[in-house]
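Chemist: The structure that follows is given in the form of structure tokens.
The values are calculated or read from the model by the stated rules, or taken from the named source; none is laboratory data. Computed from a predicted structure; not experimentally measured. Methodologically, a virtual Cβ is constructed for each residue, glycine included, from the backbone with ideal geometry; neighbour enumeration extends over all protein chains shown.
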């Protein structure tokens, strides 16, 4: 019930928030821990992920000391392998300040196979999401965007990847 209420709230918040806080086509710039640049253009319905054209995008806000995040991580990694032609997962580490080397070691240890942005390089995105959705920073928290960049679903707490796969088809 909570998730059904949260999606319309999130959609309207992003749409109205994008109009209030940023004009469409403003861009949020991210840099992954491996120095890959990612630009997210704000649109009226979500984001335009130029680097990930033709793929759904799952923004995964997580923490390295978050038990539910760690429990679902192997399933998210497997989802990226399985859906590599249709999906790009973008991890955003938001739990704590971490050195790039510490985050790289965590990524290697866990076998993470998708780009990860450290908190220090994601503040603009985190603030935008918090401002426009009233997200209070609980993790795991994920946003799923379809191939056109439209927000189609949000997930707060542990999520079964079969639900994400089903939502990707919407």
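Chemist: In the stretch 41-51, what count of residues is obtained for those that are within 25 Å of residue 161 (Cα to Cα) and either part of a loop (DSSP other than H, G, I, E, B) or at pLDDT 95 or above (or both)?
Modeler: The qualifying residues number 1.
Chemist: Could you check the stretch 47-64 and list, in sequence order, the residues that are closer than 12 Å to residue 148 by Cα, in contact (Cβ under 8 Å) with a residue 60 or more places away in the chain and surrounded by 18 or more Cβ atoms within 10 Å (Cβ to Cβ)?
Modeler: 47, 48, 49, 55, 56, 57, listed by residue number.
Chemist: Which of the strands (runs of 3 or more DSSP E) contained wholly in the stretch 65-170 include at least 2 residues that are within 20 Å of residue 55 (Cα to Cα) and without any contact (Cβ under 8 Å) to a residue 60 or more places away in the chain?
Modeler: 87-93
To keep it simple, each residue is scored yes or no on (1) modelled with pLDDT of 95 or more; (2) touching a strand residue (DSSP E or B) at 6+ places or on another chain (Cβ under 7 Å).
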| position | (1), (2) |
| --- | --- |
| 100 | yes, no |
| 105 | yes, no |
| 124 | no, yes |
| 132 | no, no |
| 135 | no, yes |
| 142 | yes, yes |
| 149 | no, yes |
| 164 | yes, yes |
| 169 | no, no |
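Chemist: Quick one: residue 58 ticks every box in (1) outside any loop (DSSP other than H, G, I, E, B); (2) more than 14 Å from the chain's Cα centre (by Cα); (3) at pLDDT 95 or above bar one, so which box is it?
Modeler: So residue 58 meets the others, but not (2).
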